[in-house]
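A short reminder: the numbers here are calculations on the coordinates, not readings from a lab. What you see is a predicted model; the values in this text were computed from it and never measured. All Cβ positions, even for glycine, are placed from backbone atoms using ideal geometry, and neighbour counts span all protein chains on display.
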């Protein structure tokens, strides 16, 4: 009888822990119309970069696991964070070729797969201190870190609104779209 009671309590405890958790669905995907330079996409693996930066933030909030779950896997009562890359501003050349940015949409799905919240987030960087000595991928990684922090707060606090971060002035076009700075040919 004691064994059944202990097993029941452990099962209840495990399901209770999962119920308040949020897991990042992996792999992170690109929107079909995502604007991204193919060489940057292939070299930087931005989808993996986001998983490495957002997953641990969720794991810390959950106080268990790695914060990620493979697409199609049962969530055991946890909510699901689904990211989709919609735009990447950046060409090779590191900071010398202008700012780098990542834009994603985030959907928070409940345990039944229903979208409960949606947001768009854009974060950019010039590379910070010593930016001139950093490559494109490491500068984009700075944006992924900022996205991870913002999404951690957004997941944890339903009242938190992610502020739109405008593109640097030299990268805005007349329509307000993000474009890479013109290169001299």
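Quick rundown of the values:
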quantity	calculated
Value of D in µm² per second that Stokes-Einstein yields for segment 28-78, Kirkwood Rh from Cα pairs, at 4 °C (1.567 mPa s)	102 µm²/s
Exposure proxy ranking, count of Cβ atoms within 10 Å, fewest first, for 112, 87, 31, 118	112, 118, 31, 87
Stokes-Einstein diffusion coefficient of segment 21-171, Kirkwood radius over Cα pairs, 20 °C, 1.002 mPa s, in µm²/s	137 µm²/s
Value of relative contact order over segment 21-171, rounded to a whole percent, pairs C-alpha under 8 Å and six or more apart	25 percent
For peptides 34-46, 136-148, sequence by mean Cβ density within 10 Å, most packed first	136-148, 34-46
